[in-house]
Amino acid sequence: MSCIKVNNLSKSYGSIKAVDDIGLSVKSGHVFGFLGPNGAGKSTTIKLLTTLISPSSGSLSILGIDAIKNPLDVRHKIGVVLQQPSYEPTLTVEKALDKYGMMWNVPKSERKKRMNHLLEDFDLAEIRKKRNEDLSIGQRRRVQVAREFMHDMDLLFLDEPTAGLDPSARRKLLDYLKNKVKTGLTIFYTTHILTEAEYLCDEIAIINKGKIIAVDSPSALKTRFGKEKTIKIHLFEKQSQVSSLLSEISDCKIDFENGTNLTIHSEQSELILLQVLKILNDNNIEIEDLSAVPTNLEDIFLKMVK
């Protein structure tokens, strides 16, 4: 079942099309990654999906509701954490969480229970009495994400939620989200950290210049667009003749650094590697180290948006 259905959705600002005739289908109970360079249309798309702005054309269904005709009905069922910082400076951490639960009409006893759980889950218990204005950027961000879980929701939009978090806090948040998805929550997730998307997302869409250019699982994207592998060879000592020796090898790009590091990019990496090793061996050129690295999601992303 799809909880987000988008057909021919566009948003124009004068002559500029920020979102250009996109289509999306997001399955319930999944994490859907939404990637793109700055200015690609990610933020505009999120504002459309969360009913903050209206589209210029197209249709949009959120949780089975026509989001264009009934935006308020959608807002009652979703959670949203935008990229911009949002916090109440003079409130303590625990009062900020409690206030957010109160805004969603969560009963007092349930608010207290949820607040205590979230303070522990987001490592906020020790700073629960500190005011938001006295927190670090990363701590404020954790509060901003944590408070969204004070209310029930079927769909959560997270726009760069790990901005400002250290690696430990980032991984803890990602694992928390994974566990929430197991309970049936659907997450629409944007990030510039491609390893996050690969770790968390069931499916990924890449947007560039307002258009969706690919939608698939991380593994399928790597299969489709990441056939090229990188082979790194470190020679025992500098060899000036290596360039000429390897000049006849076809279908690969060879980069040299300091005469000792050899990097080969090829879609036929195994075959090319055998040829290179034979040439080096025939010319008595010793190898100190060798490694083969498959193309990762970041490489694919950079290649596609170019």
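The values are calculated or read from the model by the stated rules, or taken from the named source; none is laboratory data. Given the structure is predicted, the values throughout are model-derived calculations rather than measurements. Methodologically, a virtual Cβ is constructed for each residue, glycine included, from the backbone with ideal geometry; neighbour enumeration extends over all protein chains shown.
Taken together, Val74, Val81 contain a single residue that is over 16 Å from the mean Cα position of the chain (by Cα), closer than 30 Å to Lys112 by Cβ and among the hydrophobic types (A, V, I, L, M, F, W, C), which is Val74.
Each residue in the stretch 194-230 was checked for being buried (at least 18 other Cβ atoms within 10 Å of the Cβ), among the aliphatic types (A, V, I, L, M) and not in a strand (DSSP E or B), and 4 pass. Residues in the stretch 109-141 that are touching a residue at least 40 places away in the same chain (Cβ under 8 Å) and under 20 Å from Asp152 (Cβ atoms): Asp121, Phe122.
Being free of Cβ contacts under 8 Å to residues at least 40 places away in the same chain, under 19 Å from Val145 (Cβ atoms) and of a type in the set (Lys, Arg) holds for only one residue in Lys95, Lys77, and it is Lys95.
Among the residues of the stretch 17-48, those identified as among the hydrophobic types (A, V, I, L, M, F, W, C), touching a Gly at 6+ places or on another chain (Cβ under 9 Å) and part of a strand (DSSP E or B) are Ala18, Val19, Ile22.
Selection of the stretch 250-277 for residues being loosely packed, with under 15 Cβ neighbours inside 10 Å, part of a loop (DSSP other than H, G, I, E, B) and modelled with pLDDT of 75 or more yields an empty set. Within the stretch 166-193, how many residues are within 14 Å of His30 (Cα to Cα) and among the aliphatic types (A, V, I, L, M)? Within the stretch 166-193, residues that are within 14 Å of His30 (Cα to Cα) and among the aliphatic types (A, V, I, L, M) number 5. Among residues of the stretch 275-293 that are within 10 Å of Ile233 (Cα to Cα), those with a Cβ under 9 angstrom from a residue that is surrounded by 10 or more Cβ atoms within 10 Å (Cβ to Cβ) and among the polar types (S, T, N, Q), sequence gap 6+ or separate chain, pair up as Ile287/Asn281; Glu288/Thr260; Ser291/Thr230; Ala292/Thr230; Ala292/Ser269.
Quickly run through the stretch 182-193 and pick out the residues that are of a type outside the set (D, E, K, R), surrounded by fewer than 19 Cβ atoms within 10 Å (Cβ to Cβ) and over 15 Å from the mean Cα position of the chain (by Cα). Result: Thr183, Gly184.
Has the stretch 84-91 got any residue that is exposed (fewer than 15 other Cβ atoms within 10 Å of the Cβ) and of a type in the set (Val, Ile, Thr)? Yes, there is a match, as at least one residue in the stretch 84-91 is exposed (fewer than 15 other Cβ atoms within 10 Å of the Cβ) and of a type in the set (Val, Ile, Thr).
When we screen Lys47, Lys5, Lys42, Lys27 for residues that are without any contact (Cβ under 8 Å) to a residue 40 or more places away in the chain, closer than 28 Å to Thr183 by Cβ and not hydroxyl-bearing (Ser, Thr, Tyr), the only hit is Lys47. Here the condition is being surrounded by 20 or more Cβ atoms within 10 Å (Cβ to Cβ), in the same structural domain as Trp104 (by TED's automatic domain parsing), farther than 20 Å from Gly210 by Cα and aliphatic (A, V, I, L, M); of Ile46, Ile62, Ile22, it holds for Ile62 alone. Quick check on my filter: what residues within the stretch 153-181 are out of contact with any helix residue (DSSP H, G or I) (no Cβ under 7 Å at 6 or more places or on another chain), farther than 23 Å from Asn38 by Cα and in contact (Cβ under 8 Å) with a residue 12 or more places away in the chain? Selection gives Met153, Asp154, Leu155, Lys172, Lys180, Val181.
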